Each structure stands twice: as C-alpha cells, then as structure tokens.
Amino acid sequence: MDISMASLKGGVGKTTSAVHLAAYLQQMGQTILIDSDKNESALTWSGHGKLPFQTCSLEGATKAIRNAEHVVIDTQARPTPQDLKGIAEGCDLLILPATPKALDLDALLKTTEMLDSLSARYKVLLTMVPPHRRRPGTNTPEPHLKERQARKLLDSADIPTFDTSIPSYTAFERCPLLGVTVQNYDDKYSKSAWNCYEKVGEEIISHA
Ligand code: ADP
C-alpha cells in the first residue's frame, strides 16, 4: 500500500504520523518511509537507528522501494496545487493531518477543495486533540469540545475523516529526540498513544 502524508501547513503532526503509521505497517510487511520534506525530520528521527523500518530520501528511494510492500511518503510541507495533484495521483491513500485549531482547519479546507476538484482519494487525520476524558459518573472517555467542533465542521463539509484521532501527548514530542516511536518511549501515556496509531492503521487496512 502506498500512503502519502500532506499538509498545507507545518507543525500539524505530518512527520509524527508518517513515522508511526510506517511502524504500524511494518508489522504487516516490509515498509519504507520516504522523507521528501526539506526539513528532513523523519531522516533525523531515523538517524538513531532505532526505528523498525527503513527511511530514505526521495533521491535514495528507487532501490529501497523494490522490496517494499508498503510505502509511506512524508511529503514536502506546503505543496503547490500542482504538487498536490502529483502526490494524490501517486498514492493509494492521501492522509491529511490537521489539528482542531481554526487556522489549521482553514488550511485543511483549502487543501480538500483542491483535492475534490481533482477527484483524489484522501482522508483527514485529526491530530494533537486534547486527550479524551471521562465525565463524572461515566466510564467511557469522551472527546473534548474542540475535537467535537472540528468533527462537526468536517462532517458538514462531507470531508472523509478517520474515526480515530491522535491526542496531544508529551511522549510524541519526546520520542523523536530518542529516535524511537511512542510505543518504545517509557511514559504512562505511551501505550494509549501508540494504540491510537494502531487504530488508524486498522482503519487504513480495513478500507484498503
Ligand atoms: P509536521 O511534520 O506537520 O511539521 P511534526 O510531526 O514535525 O509536524 O510535529 C510538529 C511538532 O509537534 C513536533 O514538535 C512534534 O513532536 C509535535 N507533535 C506531533 N504530534 C504530536 C502529538 N500528538 N502530541 C504532542 N505533540 C506532537
């Protein structure tokens, strides 16, 4: 499966999502993460040699891709409409990470308008949402108002969105510094943090 991650705005969890989804897909088969973002954040992350999959630059991808069952591309931030067209045409699924912040959602809506005009297959992943909390007297954790409002906006615009969202956890900020994914980061939230990407991975596989 070929997955591309794209965003018109930086700092929305594009690289973090690319790394964790590549780790998930590696469990199913040989996966390669291609870092085509000029920041090279994924390459820096993998530089510690602890990620469970191979990471390479776009230039170095030709050979590595031959043996890969799954390819995840961390695309260049802020693509032009022309770039976006090429990205959308070159993958099975384009994932658009976005936080529930108004400015991020605004940039996201611009991206989805462009993609709709290209009839591209894409899905939005809400990231850095406030963690779900149990209300007093209830057992099931519920999404925060910000996430509910973001989902309402996306629903009303008929924008396909993953059911699972990625919470904001410090573990996600720290794990690149150690070169690990969140499931290998020692913290009390790391298990549930990893579990969210597993659920997104399951959604990807079940709709493939
Ligand atoms: P992008 O690739 O869109 O620029 P990054 O994945 O590099 O975004 O994330 C931007 C910043 O936010 C980084 O410092 C990263 O560690 C942090 N971050 C990403 N996802 C989360 C999250 N779910 N919770 C907390 N911090 C996060």
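Assorted remarks:
- Subset of the stretch 189-205 (residues that are away from the ligand (no atom under 12 Å from the Cβ) and under 16 Å from the mean Cα position of the chain (by Cα)): 195, 198, 199, 201, 202, 203, 204, 205
- Screening the candidates 65, 95, 87 for the property of being within 25 Å of residue 32 (Cβ to Cβ), among the β-branched types (Val, Ile, Thr) and assigned to a strand (DSSP E or B) yields one hit, 95.
- Flag for residue 108 being away from the ligand (no atom under 13 Å from the Cβ) and crowded, with 17+ Cβ neighbours inside 10 Å: no
- Residue within the stretch 34-42 that is in a strand (DSSP E or B) and either surrounded by 15 or more Cβ atoms within 10 Å (Cβ to Cβ) or among the charged types (D, E, K, R) (or both) present: yes
- Of the residues examined, residue 85 is not one that is without any contact (Cβ under 8 Å) to a residue 40 or more places away in the chain, surrounded by fewer than 16 Cβ atoms within 10 Å (Cβ to Cβ) and of a type in the set (D, E, K, R).
- Any hit, the stretch 102-113, residues being assigned to a loop (DSSP other than H, G, I, E, B) and either under 15 Å from the mean Cα position of the chain (by Cα) or without any contact (Cβ under 8 Å) to a residue 40 or more places away in the chain (or both): no
- Search result, residues across the stretch 1-33 that are within 14 Å of the ligand (Cβ to nearest atom) and surrounded by fewer than 16 Cβ atoms within 10 Å (Cβ to Cβ): 10, 11
- Residues located in the stretch 161-172, provided they are surrounded by fewer than 13 Cβ atoms within 10 Å (Cβ to Cβ) and either within 15 Å of the chain's Cα centre (by Cα) or under 22 Å from residue 116 (Cα atoms) (or both): 163
- Failed condition for residue 62, given (1) touching a helix residue (DSSP H, G or I) at 6+ places or on another chain (Cβ under 8 Å); (2) among the β-branched types (Val, Ile, Thr); (3) without any contact (Cβ under 8 Å) to a residue 24 or more places away in the chain: (1)
- Unmet requirement for residue 186, which otherwise passes all of (1) surrounded by fewer than 15 Cβ atoms within 10 Å (Cβ to Cβ); (2) within 21 Å of residue 22 (Cα to Cα); (3) modelled with pLDDT of 95 or more: (3)
- Of all residues in the stretch 122-144, those satisfying the criterion of being exposed (fewer than 12 other Cβ atoms within 10 Å of the Cβ) and charged (D, E, K, R) are 133, 134, 135.
- Matching residues, the stretch 14-33, being polar (S, T, N, Q), in a helix (DSSP H, G or I) and under 15 Å from residue 205 (Cα atoms): 26
- Checking each residue in the stretch 145-188 for being within 14 Å of the ligand (Cβ to nearest atom), without any contact (Cβ under 8 Å) to a residue 40 or more places away in the chain and in a loop (DSSP other than H, G, I, E, B) picks out 164, 169, 185, 187.
The values are calculated or read from the model by the stated rules, or taken from the named source; none is laboratory data. Just so it is clear, the structure is predicted and the values come from calculations on it, not from any experiment. Here Cβ is always computed from backbone atoms with ideal geometry, including for glycine, and neighbour counts include all displayed protein chains.
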